[in-house]
Amino acid sequence: MAGYVTADFRAIAAERSGPLSEPAAVRRILIAVALLFLFVMLVLPLAMVFMQAFKKGLDVYWAAVTEKEAQAAVRLTVLTAAIVVPLNTLFGIAAAWAVAKFRFRGKQLLVTLIDLPFAVSPVIAGLIFVLLYGRSGLFGPFLAEHGVQIVFALPGIVLATLFVTFPFVARELIPLMQSQGVQEEEAAVCLGAGGFRLFWRVTLPNIKWGLMYGVILCNARTIGEFGAVSVVSGHIRGETNTLPLHVEILYNEYQFAASFAVASLLVLMALATIAAKSAIEWKLRQVRLRTALSEGTDDAHSG
């Protein structure tokens, strides 16, 4: 048994370390190029955001992030994420369950449609909703007669953001649930488990970390979405401007310190998202390591 577990440790260590056949000089060059690229494309721009945000002092920064319009943009961004992320989570779970656990006609078409927002420009997505629900759109006159406003209001922002972000949770769960198969669910059904209990006791524990990873990615895209929201929002200050739109308006008005101050809030949200993503990835690696060791020990006992 000890030899088997040691072999598992070696396999995991080899997987982590990667191939070691390249010369040391080649590895150093590749690492240096990667670090230089990350510094130029990521670290330096983020540092410039904070440098410009605090360039005129803490008082100017605090005034920019606490003004009425900035606070309204923060509230709208958070509200949009609070609506969009749960809806996309429910859709992602349902779509992944249907694709991974059932056989039906049109499965491949469903998977293709889930990937559609990745191929469509966000600006085009926003324009679609304007053509559907705008005042001169397909359903615009009907909505106007009943006093319902979609475009240039919160519903339009939510719909556009939903369209852009709905693949993220589903795309994380589909391959995960396909790799897990249906054996555990079939066993639970044979033991008398109903659909609700089957999901909470069997399916959800197996997908929880992948689900959290998808939710984090969906939330990050929701907070930072610009193109689709820009088309349907109408840029009404204090009402339909999310944080990215508010940054654009301030920059176009040459309020550079204020625009970078508000942009720093988006950067902080992004850093928090990256930290959560890294924590999830670390937890996934730990779970996989424990699973590999457990399987190795069980095989050794059975042998």
Completion exercise
Mean-square fluctuation maximum in Gaussian network of the chain, Cα pairs under 10 Å, restricted to 194, 210, 227, hits 194
Fill in the blank from the handout: Diffing region 262-276: the Karplus 3J(HN,Hα) column from phi (6.51, -1.76, 1.60, θ = phi - 60°), in whole Hz with x for Gly and Pro, holds 5, 4, 5, 5, 5, 5, 5, 4, 5, 5, 5, 5, 5, 4, 5
Practice task
Mind telling me which of 110, 293, 204 comes out most flexible in a GNM of the chain, alpha-carbon contacts under 10 Å?
Solution key: 293
Fill in the blank from the handout: Descending packing, highest mean Cβ count within 10 Å first, for 179-186, 35-42, 160-167 is 160-167, 179-186, 35-42
Completion exercise
With R₀ set to 41 angstrom, the calculated FRET efficiency between the beta-carbons of residue 201 and residue 109, to the nearest 0.05, is 0.85
Completion exercise
Within the set 72, 95, 275, GNM on the chain using Cα springs under 10 Å gives the largest fluctuation to 275
Problem - ³J(HN,Hα), Karplus 6.51/-1.76/1.60, whole Hz, each residue of region 114-127, x for Gly, Pro - result: 4, 7, 4, x, 5, 9, 9, 4, x, 5, 5, 4, x, 5
Handout entry: Rg over Rh, two decimals, region 242-285 (C-alpha only, Kirkwood Rh)
Key = 1.25
Fill in the blank from the handout: Checking region 194-268 for trypsin sites (Lys or Arg not before Pro) in a loop per DSSP with at most 15 other beta-carbon atoms within 10 Å yields 237
Practice task
Have a look at region 98-209 and give its Rg and Dmax from the Cα atoms, expressed in angstrom.
Solution key: 19.3, 57
Fill in the blank from the handout: Phi-derived 3J(HN,Hα) across region 84-93 with the Karplus relation (6.51, -1.76, 1.60, θ = phi - 60°), rounded Hz, x for Gly and Pro, is 6, 4, x, 5, 5, 5, 4, 5, x, 5
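Every number in this text was worked out from the coordinates using simple rules, so none of it is lab data. Bear in mind the structure is a predicted one, so any value in this text is a computation, not a measurement. So basically every Cβ, Gly included, is an ideal-geometry build from the backbone, and we count neighbours across all protein chains shown.
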